[in-house]
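The values are calculated or read from the model by the stated rules, or taken from the named source; none is laboratory data. The shown structure was predicted, so the numbers you read here are calculated from the model rather than taken from an experiment. Virtual Cβ from ideal backbone geometry, glycine too; neighbours counted across all protein chains shown.
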Amino acid sequence: MNQAEVNALIDLLDDPDLDIFNNIKDRLMSYGEEVIPELESAWEASFNNLVQNRIEDIIHNIQFTNVRTKLEAWAGKPDPNLLEGAILIAKYQYPDLDEERITNKIEVIKRDIWLEINPNLTALEKVRVMNHIIFEIHGYSGNTVNFHAPQNSYLNNVLESKRVTLYRFLYSTR
């Protein structure tokens, strides 16, 4: 990363000419995620709402592009891992997400389910076992108040709040 160029571009973010701003934005975005700490520092140091809004827009676009690229690569895999995809989606809103923490929590639930399920169970019995482990053993419940909130799509939020949006689907089999 050319630090002098990045600093110069950041200094020009208050330019009123939209064409100039779009060129600056494109150049900053070309650096990718590595420019985000510089942009965050500039945002904190600025008292100009226009500059702060533009920095937020650039950071958002960099993060979105990064997540989209990673999701496209994930979807193109011959056997994509669903947990990996859910983590990628959560990283859109939470770029500093602790992936290991999420994976560990899911592994505990998976292990507990695995210990209870056997091949002799019917599909309905398996779903009942999963519901028992998820809702009764691990204490998850349905998010019936704010069922369609976007935050419910982020796995880290579900694991922290223990509020499941699939409650109606999963629990209706009881």
Pairs with Cβ under 7 Å, 6+ apart, first in region 120-146 and touching a residue at least 24 places away in the same chain (Cβ under 8 Å), second small (Gly, Ala, Ser): Phe135/Ser141
Residue match in region 4-19 (condition: within 21 Å of the chain's Cα centre (by Cα) and modelled with pLDDT of 95 or more): no
Residue identified as exposed (fewer than 12 other Cβ atoms within 10 Å of the Cβ), more than 30 Å from Asp19 (Cβ to Cβ) and not basic (Lys, Arg) among Asn120, Asn131: Asn120
Cross-chain or 6+ apart pairs with Cβ under 7 Å, region 98-114 first and within 20 Å of His132 (Cα to Cα) and at pLDDT 95 or above, then of a type in the set (Gly, Ala, Ser) and surrounded by 16 or more Cβ atoms within 10 Å (Cβ to Cβ): none
Restricting region 136-174 to residues that are among the hydroxyl-bearing types (Ser, Thr, Tyr), at pLDDT 80 or above and in a loop (DSSP other than H, G, I, E, B), the residue that is farthest from Asp112 (Cα to Cα): Tyr154
Flag if Ile89 is surrounded by 14 or more Cβ atoms within 10 Å (Cβ to Cβ), of a type in the set (Val, Ile, Thr) and farther than 20 Å from Trp74 by Cα: no
Ala42 vs. criteria at pLDDT 95 or above, assigned to a helix (DSSP H, G or I) and loosely packed, with under 12 Cβ neighbours inside 10 Å: no
Total residues in region 23-38, condition part of a helix (DSSP H, G or I) and within 16 Å of Thr65 (Cα to Cα): 11
